[in-house]
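The values are calculated or read from the model by the stated rules, or taken from the named source; none is laboratory data. Just so you know, these numbers come straight off a predicted model, no measurement behind them. Cβ coordinates were reconstructed from backbone atoms using ideal geometry, including for glycine residues, and neighbour counts include every protein chain displayed. SASA here: full protein model, heavy atoms, side chains in, ligands and nucleic acids out. Shrake-Rupley method; radii C 1.70, N 1.55, O 1.52, S 1.80 Å.
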Amino acid sequence: MITVEEAKNLVDQNIDLLGTEIVSISEALGRVLAADVFSKIDIPGYPQSAMDGYAVNAVGDVAKGDTFKVVAEVQAGDTNSYEIQPGEATRIFTGAPMPNGGNTIVIQEIVSVTDDVITVAKAVGFGANKREQGEQIRTGDTGLQMGTEINPAGIGFLAMMGYTQVKVYKQPVIHVVVTGNELVQPGKELKHGQIYESNSVALVAAFKQFGYHVAKVHYVKDTFEDTYNTLKLALMDADVVIASGGISVGDYDFVGKAFRDLGVEEIFYKVKQKPGKPLFFAKKEETVVFALPGNPASALTGLYQYVLPSVNKMSGHGFEGLKTARLPLQGGYSKKGTRAQFLKGFITPDGVEILEGQSSAMMHTYAITNALIYIPWDKEETANGEEVMVYLM
């Protein structure tokens with residue numbers, strides 16, 4: 001068996017960026033730019049007021065007691081052109097274009113108005129509260145660089161620069177294949193020996209949490225023929241195929257054999273970890289294959305640790321998964337065996353504590369955890385208060 005670190009390195013080495021596509025900026029949230037974006041315009045496109053007040057034509061700094069004659073009013077969006085002479089002013093609002101000759105904005109809070117004359121109650125520096133043309137960005141300048149993950153502000157900035165579409169890296173087409181004769185869809189009647197199928201909904205929800213869509217979920221009975229045919233279809237259509245269950249060594253675990261018969265190139269099988277030891281990683285041409293254990297907690301842990309970094313790298317984010325931190329472990333821990341462990345934990349103001357119910361079949365603990373505590377394979381004893389690596393959920 002290989003270690004967790006060796007497994008992650010092998011996965012990283014075998015994952016490549018996908019191609020690119022053009023998407024509407026309204027659909028670009030969370031996507032990664034595949035090309036630099038250059039501004040189509042100056043922003044602002046004209047000198048404008050940064051405040052509500054009065055645009056004045058001042059010779060220098062505006063002194064307390066200075067007066068100006070108001071000759072016009074300029075609102076945001078006003079397309080008329082105004083010109084003021086020394087000693088004159090226009091009433092102006094935030095974002096409105098500066099009149100020709102206007103060089104300083106006196107905010108409305110420090111003026112008094114008598115008829116059409118304003119008197120300044122406090123000194124104002126020359127050029128105050130004025131936004132210059134191109135102050136934020138000029139035409140042709142780089143607005144956002146290739147590799148930038150687009151957030152809400154980025155979408156707004158793209159719109160400001162005049163863009164309706166951008167080039168981004170594609171997101172992978174993902175298929176999930178769930179195996180097991182004992183599985184029944186929630187809502188149907190359970191018979192003796194059957195359980196409700198939960199892996200697919202958990203995996204689909206995890207992908208959704210990180211901005212990915214599962215194109216199709218396949219449900220397979222425990223026969224070699226059904227397993228083979230379903231995996232064959234998935235390999236034809238998907239960038240990433242994830243099988244849940246059927247990868248161990250039981251008489252009815254057909255996933256590994258089916259993949260091999262389909263010409264899938266195994267990169268590794270089994271990782272020195274708990275939960276999720278029987279984890280299979282392979283490729284067929286450009287399609288990436290993961291076979292995760294059927295136990296719910298094992299499958300979800302495998303997704304967080306190996307699959308999520310892979311789809312992130314394909315989409316331009318780099319080989320990155322859950323965010324990490326180092327926190328003091330409350331109560332200490334004594335590990336049995338030589339496998340690394342991912343323990344369901346909960347972060348408190350004092351650090352992180354290990355929760356009850358660590359079995360790979362138990363999801364009730366996973367449902368309330370906010371951290372996975374990582375104990376390396378060669379770490380037998382962890383003292384109370386000793387810092388541990390924590391994956392933040």
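Does anything in segment 355-393 have its amide N under 15 Å from the 7 Å Cα→Cβ label point of Ala325, and if so which residues? Answer for this model: 369-374, 387-393.
Could you state the accessible area per residue of the chain in Å², with a 1.4 Å probe and every protein chain left in place? Present the calculation step by step, with values, prior to reporting the outcome.
Working: 19220 Å² over 393 residues.
Per residue, the chain has 49 Å² of solvent-accessible surface.
GluC sites (Glu not before Pro), restricted to segment 288-393: which are DSSP loop and have at most 16 other Cβ atoms within 10 Å? Don't jump to the answer; show the numbers that get you there.
On the way: sites: Glu320, Glu353, Glu356, Glu380, Glu381, Glu386, Glu387; in loops: Glu320, Glu356, Glu380, Glu386.
Those that pass, being in a loop and sparsely packed, are Glu320, Glu356, Glu380, Glu386.
As a length-normalised measure over Cα pairs under 8 Å and 6 or more apart, the relative contact order of segment 118-249 settles at 29 percent.
Placing +1 on each Lys and Arg Cβ and -1 on each Asp and Glu Cβ, with no other charges, gives segment 281-350 a dipole about its Cα centre of roughly 260 debye.
May I ask you to give the percent of accessible area on the chain that is carbon plus sulfur, with a probe radius of 1.4 Å? Provide the component values of the computation, followed by the final result.
Numbers: 9560 of 19220 Å².
Exposed carbon and sulfur together represent 50 percent of the surface.
Do you know the relative contact order of segment 63-157, to the nearest whole percent, from alpha carbon pairs under 8 angstrom that are 6+ apart?
Numbers: 120 pairs, mean separation 26.0, N = 95.
Relative contact order comes out at 27 percent.
Amide H contacts of Leu327 (H built 1.01 Å from N, in plane; Pro and chain starts excluded): Val388, Val390 sit under 5 Å, all sequence-distant by 5 or more or on other chains. For the chain, the relative contact order comes to 16 percent (Cα pairs under 8 Å, sequence separation of at least 6). Taking amide H positions as modeled 1.01 Å from N, with prolines and chain starts lacking one, the residues under 5 Å from Met393 and 5 or more places away or on another chain are Ala371, Leu372.
By how many nm would the segment from Val71 to Asn151 lengthen if fully extended, with 0.36 nm per residue of separation less the alpha-carbon distance? Kindly include the intermediate steps, with their values, before the conclusion.
Working: separation 80, 0.36 × 80 = 28.80 nm, distance 4.32 nm.
Between Val71 and Asn151, full extension yields an extra 24.5 nm.
Remark: the Asn370-Glu135 segment gains 80.2 nm on full extension, using 0.36 nm per residue and subtracting the alpha carbon distance.
Counting other Cβ atoms within 10 Å, keep those with at most 14, restrict to DSSP loop, and tell me which chymotrypsin sites (Phe, Trp or Tyr not before Pro) in segment 1-107 are left.
On the way: sites: Phe38, Tyr54, Phe68, Tyr82, Phe93; in loops: Tyr82, Phe93.
Hits after loop and neighbour filter: nothing returned.
The label point for Met389 and the one for Asn14, both projected 7 Å from the Cα toward the Cβ, are 2.0 nm apart.
For segment 1-107, run through the trypsin sites (Lys or Arg not before Pro) and keep only the ones in DSSP coil with at most 15 other Cβ atoms within 10 Å of their Cβ.
Details: sites: Lys8, Arg31, Lys40, Lys64, Lys69, Arg91; in loops: Arg31, Lys40, Lys64.
The qualifying sites are Lys40, Lys64.
A cut-off under 13 angstrom between Cβ atoms defines the neighbours of Val117, and their net charge, with Lys, Arg +1 and Asp, Glu -1, is -2.
About its Cα centre, what dipole magnitude does the chain give when the only charges are +1 on Lys and Arg Cβ and -1 on Asp and Glu Cβ, stated in debye to the nearest 20?
Working: 34 positive and 46 negative charges, 191 e Å.
The dipole of the chain has a size of about 920 debye.
Here the spin labels are modelled as points 7 Å beyond Cα on the Cα-Cβ line, and at Asp261 and Leu233 they lie 1.7 nm apart.
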